[in-house]
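Structure, as structure tokens:
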Amino acid sequence: MNLAKKSSAYSAQALAVVRQRFSTAISGGDAAGAGRLIDELLAGQRSLLEIYLEVIAPALVRIGGSWCRGDVGVGEEHLATQIVIEQMDRLRSLFVPPEPRSPYRVLVACVEGEQHFIGARMVADLCLSKGWAVVFLGPDTPTSALVEMAKRRHVQLVAMSVTMEQGMGHVQRVLDELVGLSPAPNVVLG
């Protein structure tokens, strides 16, 4: 095994350990511990993408699974979510340039009825970190408001988030209205 492969394998192993520790911290309501782990990742020069996709997202999936199994209650799940939101706010302040560097405009929103917004916030933050102009509308965005903002802001991309099957009707209504815009924006659904 050459040195480069050995180094990346250690990095992947170290990242897995931090991922587990972060998950334990947020599950236990340990905001300070979660912050220290994010600090470790920053000191190791991990990118925002790596932190979001390799640490925070899997930790949220784990806490969501624990909630579904009844291992944790709604209060613990909400506390973990708030700890993650605080860390994301901090990371955004470190990785996002003060002004967009690109004329590319993106609208990110959760469809009407959708309360789970952290994935959408991650998408918005990653676009912001690339210097794109981002309009983030957050959770439970009424269809008419989403379409109106896409029109008013002349966005090139609309990224919509939905987690529940019931939201697919709202997605279809948004799509039906967005195709009528000139020019119609590209759409990403997650």
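Every number in this text was worked out from the coordinates using simple rules, so none of it is lab data. None of these values were measured; they are calculated from a predicted model. Cβ sites come from the backbone with ideal geometry, for glycine too, and all protein chains shown count toward neighbours.
What the table shows:
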item	result
Efficiency of FRET from Cβ geometry, residue 173 and residue 17, R₀ 45 Å, rounded to 0.05	0.50
Cα-Cα separations in region 33-105 greater than 17 Å, expressed as whole percent	51
Nearest 10 degrees, 0 to 90: helix 3-27 Cα axis against the chain principal axis	80
